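Written out below as structure tokens is the structure these notes cover.
We did not get these values from a lab; they are worked out from the coordinates using the rules stated. Not measured: the values here are computed from a predicted model. When we count neighbours, we look across all protein chains shown, and the Cβ atoms used for this are built from the backbone with ideal geometry, even at glycine.
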Amino acid sequence: MLREEERYGYALITPSMIVVFGIIIIPIITTLVYSFVNIDPLSSHNGEFAGLGFYQKALTSSAFWEDLGRTLYFTVASTAIETVFGLMIALLLNEEFPGVRFLRSIVIIPWAIPTVVNGSLWKLMLNGEYGVINAILMRLHLIDAYQSWLGNPATAMLCIIVADAWKMTPLAVIFFLAALQGIDQTRYEAARVDGAGAFRSFFAITLPAIKPTIMVIIVMRTVEKFKAFDIFYLMTRGGPANSTKTLMYDTYLQAFTNLNYSEAATLAYLIVLVVVLMTLIYIRMMKRGDER
């Protein structure tokens with residue numbers, strides 16, 4: 001028999017467990033089943049067991065590898081920008097100068113803006129007819145005529161990367177700033193006494209101290225980038241000419257436009273597999289760096 005305290009504890013956690021099971025566990029299991037069973041209401045083979053057929057179809061499709069390449073490009077470029085610029089801004093805000101407290105308080109604003117607002121804002125600024133980006137570049141004499149930045153396959157993905165990095169870099173700044181302020185300042189004083197300059201102190205003291213933070217940011221942002229959907233939907237919807245169609249956006253198209261639920265489920269699990277592999281690579285690279 002359960003004690004009264006145990007019954008009370010189970011009564012408290014039961015509602016939350018039901019919610020978790022209902023909105024997380026069941027969808028995960030259902031999606032996995034869909035990737036092995038043909039769930040296509042428009043097909044005569046609806047409900048038939050397909051085995052690894054959908055995985056084979058995806059992995060042998062040129063469209064899958066093209067989508068993967070664009071997804072990797074977006075993920076690596078955006079994560080690199082956020083990490084590098086986030087660290088640079090954090091190093092600046094870690095110094096003491098007039099107005100630094102004010103800058104620390106407003107640096108979070110881009111991250112606080114909803115993605116819907118951020119995507120819509122950048123879409124307006126990059127508009128080929130009345131966008132402010134074109135107006136600025138024209139005044140600086142960097143372009144001769146207004147450009148359709150989001151309508152050009154060569155620049156559309158780059159524009160999305162910039163828009164996404166602008167919003168998410170402040171999050172990296174906060175992580176790095178917290179890590180920097182946790183470093184013992186006496187180590188820098190000892191380094192200055194030994195004649196170490198700013199660059200040597202950075203590579204000998206700062207960088208080793210913030211390596212765990214760098215790892216957290218890279219892994220966290222990689223996962224988020226790989227499943228990014230909203231900013232692509234808002235700014236380009238996979239166009240032009242599929243130049244911004246990523247794996248996640250293709251998953252959406254297969255599920256809600258083409259009604260190919262099994263193919264969408266297969267792509268979803270392939271995305272999970274790629275993210276896990278990239279995370280393991282990051283962790284192994286970090287461990288090798290620590291061993292050296």
Quick check: pseudo-label points 7 Å beyond the Cα along Cα→Cβ at Ile108 and Val84, how many nm apart are they?
2.8 nm
Could you pull out every one of the lysines with an alpha carbon less than 19 Å from that of Lys287, ignoring same-chain neighbours closer than 8 positions?
Lys211
Here are a few candidate values for semi-axes √(5λ) of the Cα gyration tensor in Å: [x] 32, 20, 17; [y] 39, 31, 20; [z] 31, 24, 18. Which one was actually calculated from the structure I just gave you?
[y]
Rounded FRET efficiency, nearest 0.05, which uses the C-beta distance separating Ala135 from Ile283 and R0 of 41 Å
0.35
Can you give the FRET efficiency for Leu59 and Leu121, using 1/(1 + (r/R0)^6), R0 = 22 Å, r = Cβ-Cβ distance, to the nearest 0.05?
0.05
Given H placed 1.01 Å from N in the peptide plane, which residues other than close sequence neighbours of Val37 have an amide H under 5 Å from its amide H?
Ala50
Hydrophobic long helices for the chain, i.e. whole DSSP H runs reaching 30 angstrom or more by Cα along the axis with Kyte-Doolittle mean at least 0.0, come out as 62-93, 156-181, 261-291
So how do 97-104, 236-243 stack up, highest first, on mean other-Cβ count within 10 Å?
236-243, 97-104
Compute the FRET efficiency between Val76 and Ala11 as 1/(1 + (r/R0)^6), taking r as their Cβ-Cβ distance and R0 = 51 Å, and round to the nearest 0.05.
0.60
Cβ-based charge dipole, the chain, positive-most Cα from Ile136, Phe64, Trp122:
Ile136
Under unit Cβ charges (Lys, Arg +1; Asp, Glu -1), what dipole magnitude, rounded to 20 debye, does the chain have relative to its Cα centre?
460 debye
For the range 1-83, rounded, prolate or oblate, judged on the Cα gyration tensor with a ≥ b ≥ c (square roots of eigenvalues), a/c < 1.5 rounded, else prolate if a/b > b/c?
oblate
Relative exposure of Met168, Met235, judged by other C-beta atoms within 10 Å (fewest first):
Met235, Met168
Hey, got the dipole for the range 1-152? About the Cα centre, +1 on K and R Cβ, -1 on D and E Cβ, debye to the nearest 20?
220 debye
What size of dipole, in debye to the nearest 20, comes out for the range 189-292 about its Cα centre when the only charges are +1 on Lys and Arg C-beta atoms and -1 on Asp and Glu C-beta atoms?
220 debye
Using a basic spin-label model with each label point 7 Å from the Cα along Cα→Cβ, how many nm lie between Ile24 and Asp184?
3.8 nm
Please give the length that would be gained between Phe199 and Glu96 if that part of the chain were fully extended, namely 0.36 nm times their separation in residues minus their C-alpha to C-alpha distance (nm, one decimal).
35.2 nm
